[in-house]
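Worksheet: one structure, shown below.
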Amino acid sequence: MVQRYQGVAIYCRVSSGDQKTKGDLTRQKDRLINHCVLNGYKITNIFEEVGSGLNDNRKKLKDLFKLISTNKISKVVIEHKDRLTRFNYQIFEYFFNSYGVTIDCIEKILPKSFENELVEDILTIMMSYSAKIYGKRSHQNKKHEDK
């Protein structure tokens, strides 16, 4: 039987540096810490990250995965499902649960209609690709200006 440490990890994420500068990341972390204190959770790790929920190469998320896969924590506390990922939340949940780790999502949002969820997903994908295109174009323009 695998010995599990009963620690709790908090995972906070915002999409942009601007959101971090405005204090959104700090407020999110404070809400999660408060939730843990009120519920008697022993916080062992706090992960704060700036990056897209569509990016599957986030350093802090990978660090969280290491804690999970080495049985260092028993629970992950997040504010919303989309703080972990914009898509395929169920895969994350399955992975965490396969190691006996539960996810405590403190903000329960009413279920969306299929149509609303589909529209939101399409808009998110479009924004992601637009950002990549504009970012690449900006990078190329900067290269040309530097020459």
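The values are calculated or read from the model by the stated rules, or taken from the named source; none is laboratory data. This is a predicted model, so every value here is computed, not measured. All Cβ positions, glycine included, derive from the backbone under ideal geometry; neighbour counts span all protein chains shown.
In contact (Cβ under 8 Å) with a residue 12 or more places away in the chain and β-branched (Val, Ile, Thr), is that true of Ile91? So Ile91 does not fit the description; no. Please enumerate the residues belonging to the stretch 66-80 that are assigned to a helix (DSSP H, G or I) and of a type in the set (Val, Ile, Thr). The one that is assigned to a helix (DSSP H, G or I) and of a type in the set (Val, Ile, Thr): Ile68.
Please pick out the residue among Arg27, Arg13 that is under 16 Å from His80 (Cβ atoms) and touching a residue at least 40 places away in the same chain (Cβ under 8 Å). Criteria check complete, one pass: Arg13.
Taking residues in the stretch 59-84 that are of a type in the set (D, E, K, R), and partners anywhere that are assigned to a helix (DSSP H, G or I), the pairs with Cβ atoms closer than 6 Å and at least 6 places apart or on different chains are Glu79/Gln28; Lys81/Tyr89.
Within the stretch 83-97, identify whether any single residue is among the hydroxyl-bearing types (Ser, Thr, Tyr) and modelled with pLDDT of 95 or more, and answer yes or no.
Scanning the stretch 83-97, I find at least one residue that is among the hydroxyl-bearing types (Ser, Thr, Tyr) and modelled with pLDDT of 95 or more, so the answer is yes.
The set of residues in the stretch 1-17 being modelled with pLDDT of 90 or more and among the charged types (D, E, K, R) consists of Arg13 alone. Looking across the stretch 38-78, just one residue is of a type in the set (A, V, I, L, M, F, W, C), at pLDDT below 95 and surrounded by fewer than 16 Cβ atoms within 10 Å (Cβ to Cβ), and that is Leu38. Examine the stretch 81-90 for a residue that is in contact with a Leu (Cβ under 6 Å, 6 or more places away or on another chain) and not in a loop (DSSP other than H, G, I, E, B), and state whether such a residue exists. No - not one qualifying residue is present in the stretch 81-90.
When the test is whether a residue is at pLDDT below 90 and surrounded by fewer than 10 Cβ atoms within 10 Å (Cβ to Cβ), Ser130 does not pass it.
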